[in-house]
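Q: Pasting a structure below so you can have a look.
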């Protein structure tokens, strides 16, 4: 019964996905390259919380970057996907940098996307993005980005309020592996230095702690507590 219920849920999500593609994109924009649109949507849903560029997808999906950019816009307008820009004070650099892709629903990513194993870290990051996106919509003065420096060190989320960077958030699902934890913390501290922030946040599966690094505090909070605002 339980597996049947899961099958029904997956079928509902699949029907939902196909309805959106057909009604909100294919019919509305008179799309002829339906297979390419499906392939692109499936690629994105298989690679949530990942960096993408239209030019790199051109090589792997074998159709033009212009078509990929156009179809990506349709998928975002239909609320199947969201794209997150890299933070930069230069608008041109924001536009040309890779974007991170997130699904409007992690269940949709699990059902439509193709993967060999379930990556809980990427799913958790997608959930955090959706909550931050909700706050951004409700508070127009907020702007949401990811941060990456010239050495490819990356912080998952940068929150800007009006003219000031207000918060940096790293999602690190499993901090038991010391090399992973140290890498994430070094990156977060570097970004905190750049934006003169005294506090940083790491969202985890169940690890909870606050550490001090020469006057800079990093708080580790389980995902469920963060959602509750604890």
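A quick yes/no check of all residues on (1) under 19 Å from residue 87 (Cβ atoms); (2) part of a helix (DSSP H, G or I); (3) within 14 Å of the chain's Cα centre (by Cα):
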{"residue": "107", "(1), (2), (3)": "no, yes, no"}
{"residue": "110", "(1), (2), (3)": "no, yes, no"}
{"residue": "121", "(1), (2), (3)": "no, yes, yes"}
{"residue": "124", "(1), (2), (3)": "no, yes, yes"}
{"residue": "127", "(1), (2), (3)": "no, yes, yes"}
{"residue": "133", "(1), (2), (3)": "yes, yes, yes"}
{"residue": "140", "(1), (2), (3)": "yes, no, no"}
{"residue": "145", "(1), (2), (3)": "yes, no, yes"}
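Q: Residues being touching a strand residue (DSSP E or B) at 6+ places or on another chain (Cβ under 7 Å), surrounded by fewer than 11 Cβ atoms within 10 Å (Cβ to Cβ) and farther than 26 Å from residue 88 by Cα: count how many of those fall in the stretch 198-230.
A: Qualifying residue count, the stretch 198-230: 1.
Q: Among the residues of the stretch 174-197, is there at least one that is assigned to a loop (DSSP other than H, G, I, E, B), modelled with pLDDT of 95 or more and surrounded by fewer than 18 Cβ atoms within 10 Å (Cβ to Cβ)?
A: yes
Q: Still on this structure, I have one more. In the stretch 198-230, what residues are touching a residue at least 40 places away in the same chain (Cβ under 8 Å) and not in a loop (DSSP other than H, G, I, E, B)?
A: Across the stretch 198-230, the qualifying residues are 203, 220, 223, 226, 227.
Q: Which condition breaks for residue 70 when tested against (1) farther than 20 Å from residue 109 by Cβ; (2) surrounded by fewer than 13 Cβ atoms within 10 Å (Cβ to Cβ)?
A: Here residue 70 clears every test but (2).
The values are calculated or read from the model by the stated rules, or taken from the named source; none is laboratory data. Please read these numbers as outputs of a predicted model, since none were measured by experiment. With ideal geometry, Cβ positions are generated from the backbone for all residues, glycine too; neighbour counts draw on all protein chains shown.
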